[in-house]
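Reviewing the structure listed below.
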Amino acid sequence: MLTITGLAKEKNLFKVTFSNHETLLVSEDQLVRHRLLKGQEISEAELRELKDSSRFDLGLQESYRYISYQLRSEKEVDQFLKEHELPLKDRKKVIERLKELNLVNDKIYAESYVRTQMRLSGKGPGAIRQQLLKKGIKGGTAEDALALYEEKEQLAVALHTGEKALRRIHGKSFKETGQKLRQSLMQKGFGPEEINQVLAELLVEKDQEAENAALEKEADKLWRRHQSKPREKRNQKIKQSLYQKGFDLTAIQQYLDSKEEMDD
């Protein structure tokens, strides 16, 4: 038999010390439930039972604090408890208890997450879907929640996101600007239909003056980079690079002809 030789309060828990110098942290609920008092004798079997219930109880208390700041998915709670070295069987018991209390509910979590993301993140349903899956939300539950993200709202968010992306794209050809804008919207998780509508609205027609300025800026950089090369190789490098950036071949050739005339 073991004897309880000490009881000390530590924050919201109690530290129990036994005659074999072993210590155990328990909650106030356990203290009362097991009638733990200084001087009380306890068998090895009772201690094992106390340890088992203590792991579950402490895991539950830690989970209460973890979910008090914001909603959490089942997977997030499980990962949190795993990091706190709670065994798998106890993690499952804690999560089941939280579900019984409706403190963890993946359906409610997914719906709340979708509403927040569509309002604040500038992301499309594709990106939000991937985030939900990473958080352990099952496919069907994720799709049900994504139904809240209606097409009208998707287009409005895509347009706003596209406008922000367009402000970051400077000095590019009309073609490359469209490619980069499309790529940015795809990475944000928007579908082809929304992307095409945004491009149609934001890139109405080519501004030839801006196109010429962008060509000259890019071409001047390339000319300086390749000016030590033989004429034919230099021109080929410049022409290839500018064409890949979406500039018109005729305009590229006009630039080269003009540059050579100036150099001559």
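The values are calculated or read from the model by the stated rules, or taken from the named source; none is laboratory data. Just so it is clear, the model here is predicted, and its values are computed rather than measured. All Cβ positions, even for glycine, are placed from backbone atoms using ideal geometry, and neighbour counts span all protein chains on display.
Taking residues in the stretch 140-156 that are closer than 18 Å to Q130 by Cα, and partners anywhere that are surrounded by fewer than 19 Cβ atoms within 10 Å (Cβ to Cβ) and of a type in the set (F, W, Y), not one pair has Cβ atoms closer than 6 Å while being at least 6 places apart or on different chains. Looking at the stretch 28-37, is at least one residue out of contact with any Cys (no Cβ under 6 Å at 6 or more places or on another chain) and touching a residue at least 40 places away in the same chain (Cβ under 8 Å)? The answer is no, given that none of the residues of the stretch 28-37 is out of contact with any Cys (no Cβ under 6 Å at 6 or more places or on another chain) and touching a residue at least 40 places away in the same chain (Cβ under 8 Å). Checked against (1) buried (at least 16 other Cβ atoms within 10 Å of the Cβ); (2) not in a helix (DSSP H, G or I), K229 meets all criteria but (1). Pairs are defined by a Cβ separation below 7 Å, a sequence spacing of at least 6 or placement on different chains, a first member in the stretch 81-100 that is more than 19 Å from K51 (Cβ to Cβ), and a second member that is of a type in the set (V, I, T) and modelled with pLDDT of 95 or more; the pairs so defined are I95/V77; I95/V104; L98/V77; L98/V104.
Against the conditions (1) basic (K, R); (2) over 39 Å from the mean Cα position of the chain (by Cα); (3) within 25 Å of R65 (Cα to Cα), K11 satisfies every one except (2). Looking only at the stretch 188-203, residues that are among the polar types (S, T, N, Q) and free of Cβ contacts under 8 Å to residues at least 40 places away in the same chain come to 1 in all. Among the criteria (1) over 28 Å from the mean Cα position of the chain (by Cα); (2) touching a residue at least 12 places away in the same chain (Cβ under 8 Å); (3) within 28 Å of K138 (Cβ to Cβ), the one G6 does not fulfil is (3).
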